[in-house]
Amino acid sequence: MKNRVRVVKRPQLSFLERWYLGPVVKGLGMTIKRFFGVLTDVLFRWENKKTAITMQYPEERWDFKDNFRGAPALVMDQEGRSKCVACQICEFVCPPKAITMWPAELEDEDKVEKYPERFEIDMLRCIYCGYCEEACPEEAIFLVKEAEIVYADRESFVYDKDKLHAMGGIREDRIMKWKDK
Amino acid sequence: MSTNGKTVNVTIDGKQVTVPAGTNIIEAARHVNTEVPHYCYHPRLSVVGNCRICLVEIEGWPKLQIGCNTNVSDGMTVFTASDKVREAREGVMELLLINHPLDCTICDQAGECKLQDYAVDHGTGLTRFAFDKQKKPKNVSWGDKVVFDAERCILCTRCVRFLDELCGTDEIGIDFRGEKVSLIVRDDGQLTSPYQMNIIDLCPVGALTSRDFRFKSRVWFMQFANTLCTGCARGCNVVAGAREERLLRMVPRFNAQVNDHWMCDEGRLNYTFVNDEDRLVAPRVNGKDVPYDDALARAAAILQKAKEGGGGAADIAVLGCASPFMTNEELFSFAGLLDALGVTERRFAIPMGEGDDMLLHPEKAPNARGARLFGFQDAPVDAERDWDVVVHFAARDGGGLPDDLNAKSRIVFSLQVDKNADVNFPLTTSFEKDGTVISAGDRLQRVSKALTFAPSHLTERVVLDRLRGLIEDGYQGTDTAALALARIAQEHAAFEGLTWTGIGLQGVSLQLAEAEVGA
């Protein structure tokens, strides 16, 4: 046991290092340099700012990457009709059970039989895992670049079908299930 | 299949088994727990051998044989999973799936589809078919119960054979030729058989789906319970499927002694009363919702008064009216409560309807035999008499008693609100409780809980036991239906030696005649 103990020698500080004044002056210099840099940015060249890095939220927003996982949304085809066929696989795969769906039968259409009469996602429950997007066999649900979901009451967090379609928008696709399966 | 008591010895996948002569290979393989895949074969239908998925290899035979139409012979050696068989099945699966629309996403059969199962177990997962798939009619209405999808159909003709051989109506046939081949319905294209929905269960794929269950729920969301249909006295064994405490469908469960593989459409669709929005949820006293304790206290006060007055004696007249929808355990508790009160007037009424010579029984209630066994009489109530206290279990339609009955106090158990009741307890349907009933042919069978009615809900058996505890010192009820059954088994000769697990999922036959004489 004794042989395993290794005494580590503490590194000794030099005289200047022990005195502290040098590093303090160096740090203050950096602060002053940035102060005047930002001041110049704000006063004369805000459009081409060089020093300031603060984002002016909410006027400025982050440009999310393409694989960003935001809120889930439903997409429509070129003719503005829902791509969702209410197969309920997203509802099944959703780990926090945020998705709820009420499927119904379409009586008049001859190509499409089933559609979601109601489709709700509880954004308070959603954990943005993206399983719904991965599982969807119809490519009807996607995680969009939407991260700011703030309301004062709980009911508003439950997004209905219309709201989800508005968020998802139209997605160009060569498969048009309403025209030809 | 005439066996004459002869047996043959066969070897299936290296396992020796002795089966009756005349057994086919699919059934023989079941004896060694080997499943030979099959679509068109069904044990109760004639063998056609047109799906070709049950091909097996037999030693000494040059070509593969279909398991459904090949009977075993002595000394036969069968291989159900050899390379040759596997290759043949892959080929059959590829051919079956060539024109399949692959709309599993919206198909109600998904999750219990043999095409899905066998594609995973025996398919290649790939297709070499590079051309346009055959387009056939979808969403074809075959009447108000069955929907047909021609693209999904694999033409196994199970539905054709069922309606021909077992219903005798012969309504479906195969028409057109080659790749256009499809099923059609005779005359105006509407099915009429009262047993037509069995073809939905028979269909191994999603070609036939139920209009009633269509798109209501995917099967993997549902919870299933092995219970009984309580639409008539037959007591067909069913699997009840519920989701989020709503009953969504019933499908028949095999019981060779009762309903075989089938059930009637009337029973299958007779479940919607369970999901009624206007059902009574909480007990009511004088038209107001109250907690169970208050309602029990009020009911006990009424009964206590009746008990002190002498029960069924001339001074205070008490009527106990049971319903044939109650389980044996509830009837036993009710009879015990009436015993404690000294009530002799015990009645019940059987709702009658039409029967047929297949499954449908004219008695439209599951447990009239049980009600008789526990001392209730199927006789009209004396409407002329002035009753002081009536304890009434309403039937499903609310009936059972004459409308103009004179009663001072009423304790009513009902599905809907009863405005005349002093104390009104909510009734539980047979899908919301455990228990036993005595079906036609004196067969004791279990009903099981498929869904929970309401979180705070007490079943009638618990209410009756608590009521008896309030008026009879020292009486203790039982916690579960199984324990209640054990108590019945001690007191009734007909139930002697029976236990909850002993009854099992298939039920047992009772010897009622001698027991009733003995009692």
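The angle between the Cα long axis of helix B:481-491 and the longest principal axis of the Cα atoms of chain B comes to about 60 degrees, rounded to the nearest 10. With contributions of -39500 (n - 2.57) from each DSSP H run of at least four residues, the per-residue ellipticity at 222 nm computed over the protein assembly as shown stands at -6500 deg cm²/dmol.
Residue by residue along A:106-116, Cβ atoms of other protein chains within 10 Å of the local Cβ number 3 on average. Residue-wise HN-Hα couplings along segment B:73-82, as the Karplus relation 6.51 cos²θ - 1.76 cosθ + 1.60 with θ = phi - 60° gives them from phi, are 10, 4, x, 5, 10, 10, 10, 9, 9, 6 Hz; Gly and Pro carry x.
Take the Cα radius of gyration of segment A:11-53 and divide it by 2.2 N^0.38 Å, N being the number of residues; the result is 1.74. With a Förster radius of 41 Å applied to the C-beta separation of A:Tyr128 and B:Phe131, the computed FRET efficiency comes to 0.45. If you sort the three axes of the alpha carbon gyration tensor as a ≥ b ≥ c, you get a/c of 1.5 or more for segment B:310-454 and a/b above b/c, which makes it prolate. Bridgeable aspartates and glutamates around B:Lys145 (alpha carbons under 16 Å apart, same-chain partners fewer than 8 residues away excluded): A:Glu105, A:Glu107, B:Asp108, B:Glu171, B:Asp188, B:Asp201, B:Asp212, B:Asp265, B:Glu266. Calculated accessible area for chain A comes out at 74 Å² per residue, all protein chains present (probe 1.4 Å; ligands, DNA, RNA ignored). Convex hull volume per residue, computed on the Cα atoms of the protein assembly as shown, equals 349 Å³. Heavy-atom accessible area, probed at 1.4 angstrom with all protein chains present, ranks A:Asp153, B:Asp386, B:Asp260 as B:Asp386, A:Asp153, B:Asp260, highest first. Cα extents for segment B:132-259 along the principal axes, largest to smallest and rounded to whole angstrom: 44, 33, 23. Karplus-based coupling profile of segment A:50-59, in residue order and whole Hz: 10, 9, 5, 10, 5, 8, 8, 5, x, 5, with θ = phi - 60° in 6.51 cos²θ - 1.76 cosθ + 1.60 and x standing for Gly or Pro. Across the alpha-carbon atoms of segment B:1-139, the computed radius of gyration and Dmax are 16.9, 54 angstrom. Near the amide H of B:Cys167, within less than 5 Å, lie no amide hydrogens of residues on another chain or at least 5 residues away, with H placed in the peptide plane.
Show me you know the interface measure: the accessible area buried between A and B, both chains summed, probe 1.4 Å, in Å² to the nearest 100.
Using a 1.4 Å probe on protein heavy atoms, the buried area is about 1400 Å².
Just so you know, the Rg over Rh for chain B is 1.06, from Cα atoms, with Rh as the Kirkwood radius. Based on alpha carbons, the Rg and Dmax found for segment B:195-239 are 12.2, 32 Å.
Between the helical axis of B:460-471 and the dominant principal axis of chain B, each derived from Cα atoms, what acute angle in degrees is found, rounded to the nearest 10? Its long axis makes an angle of about 20 degrees. Taking 18 Å as the limit for the C-alpha separation, the pairs B:Lys305/B:Lys408; B:Lys288/B:Lys419; A:Lys83/A:Lys161; B:Lys364/B:Lys449; A:Lys83/A:Lys111 exceed it in the case of B:Lys364/B:Lys449. Within the protein assembly as shown, antiparallel bridges make up roughly 70 percent of the DSSP beta bridges whose residues both belong there. First check a/c for chain A, with a ≥ b ≥ c the square roots of the eigenvalues of its C-alpha gyration tensor; if it is under 1.5, answer rounded, and if not, answer prolate when a/b is larger than b/c or oblate otherwise. Prolate. Interface burial in segment B:209-250 reaches 30 Å² or more for B:Arg214, B:Phe215, B:Arg218, B:Trp220, B:Phe221, B:Arg243, comparing the full protein assembly with the chain by itself; accessible area from heavy atoms with a 1.4 Å probe. A cut-off of 5 Å between modelled amide H atoms, ignoring neighbours fewer than 5 places along the same chain, links A:Lys114 with A:Leu106. Close amide H pairs (under 5 Å, H built 1.01 Å from N) link B:Val146 with B:Arg211, residues at least 5 positions away or on another chain. The rule of thumb for compact globular proteins, 2.2 N^0.38 Å, goes into the C-alpha radius of gyration of segment A:72-168 1.05 times.
In segment B:142-212, the portion of solvent-accessible area held by carbon and sulfur atoms comes to 49 percent [1.4 Å probe, whole percent, DNA, RNA and ligands not counted].
Per residue, the Cα convex hull of segment B:362-443 amounts to 119 Å³. For chain B, the antiparallel share of DSSP beta bridges with both residues in that region comes to about 70%. The protection proxy used here, the mean number of other Cβ atoms lying within 10 Å of each residue, ranks peptides B:164-170, B:319-325 as follows, highest first: B:319-325, B:164-170. Against the longest alpha carbon principal axis of chain A, how many degrees, from 0 to 90 and to the nearest 10, is the axis of helix A:21-44 turned? Helix A:21-44 and the main axis of chain A meet at about 50 degrees.
Counting only protein chain heavy atoms and rolling a 1.4 Å probe, the accessible areas of A:Trp46, A:Trp19, A:Trp62 rank, largest first, as A:Trp62, A:Trp19, A:Trp46. For B:Gly435, neighbours were defined as the other residues whose beta-carbon sits under 15 Å from its Cβ, and their charges (Lys and Arg +1, Asp and Glu -1) total 0. Legend: mean number of C-beta atoms from other chains within 10 angstrom of residue C-beta atoms, peptide A:86-92, equals 4.
Considering only the other residues whose Cβ falls under 12 Å of the Cβ of A:Val38, what net charge follows from Lys and Arg at +1 and Asp and Glu at -1? In short, +4.
The values are calculated or read from the model by the stated rules, or taken from the named source; none is laboratory data. All values derive from a computational prediction rather than experimental measurement. With ideal geometry, Cβ positions are generated from the backbone for all residues, glycine too; neighbour counts draw on all protein chains shown. Keep in mind that these areas ignore ligands, DNA and RNA; they rest on the heavy atoms of the full protein, side chains included. Shrake-Rupley method; radii C 1.70, N 1.55, O 1.52, S 1.80 Å.
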